[in-house]
Amino acid sequence: MLQQSVMMALGLFVFGLDTAPYQQFQRQTSWRHPSNSRVGLRPASQFAGPGDDTITLSGTLYPEITGGRVSLAALRYMGETGKAWPLLEGTGWFFGMYVIEEISETASYFFADGAARKIEFSLKLKRVDDDVPDIIGAITSELMTLL
């Protein structure tokens, strides 16, 4: 029996060899420090909390071997719902709830029928949660909806 390895899961979409294996994971986290001007002094800044937390996954698909257009279409559909999805790494690490902000793809090396042999993709995710109890409630709600 062939066992599928899970690189990461966004909601019910599993990133793996037969869907959309990514080759790069990039995360950017920021914190807000707004400032106010002061006469004769440097501006005073104050920590105002976390800012944006974005993750970009990018990779190359070879539809004969890995996932292809169907995988990217599933991710596009998820993005069009506007919903936040739990993001879990295959190790079990929970990143939080993320929305899909952007998907880009570049197809090249075509077959005679126009199907791409190679598809490069990039997926940009943005964290939208603040409270872990709300996350658990959202996950439970999504599961009940699907069942």
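Each value in this text was obtained by applying a stated rule to the coordinates, not by laboratory testing. Keep in mind that this is a model prediction, so the values were computed, not measured. Glycine gets a Cβ as well: all are built from the backbone with ideal geometry, and neighbour counts include every protein chain shown.
Listing for the model above:
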| quantity | calculated |
| --- | --- |
| Charge dipole magnitude, Cβ of K and R +1, D and E -1 - segment 16-91, Cα centre, debye nearest 20 | 500 |
| Linear extension gain, R27 paired with E120, 0.36 nm per residue minus alpha-carbon span | 31.6 nm |
| Label point distance in nm, R38-T145, each placed 7 Å from Cα along Cα→Cβ | 4.8 |
| Stretch gain in nm, segment F47-R76, where the contour uses 0.36 nm per residue and the Cα spacing is subtracted | 6.9 nm |
| Cα lying deepest toward the dipole's positive end in segment 1-112, options Y98, P34, P86, charges on Cβ | P34 |
| Cβ-based charge dipole, the chain, positive-most Cα from F25, Y62, A44 | A44 |
| Chain lengthening between F94 and S5 when straightened (0.36 nm per residue, less Cα-Cα) | 30.3 nm |
| Calculated FRET value between K83 and D18, using beta carbons and R₀ = 22 Å, to 0.05 | 0.35 |
| Size of charge dipole - the chain - debye, nearest 20, with Cβ of Lys, Arg +1 and Asp, Glu -1, no other charges | 500 |
| Among [x] 15.4; [y] 18.3; [z] 17.4, the entry derived from the coordinates for Kirkwood radius over Cα pairs in Å | [z] |
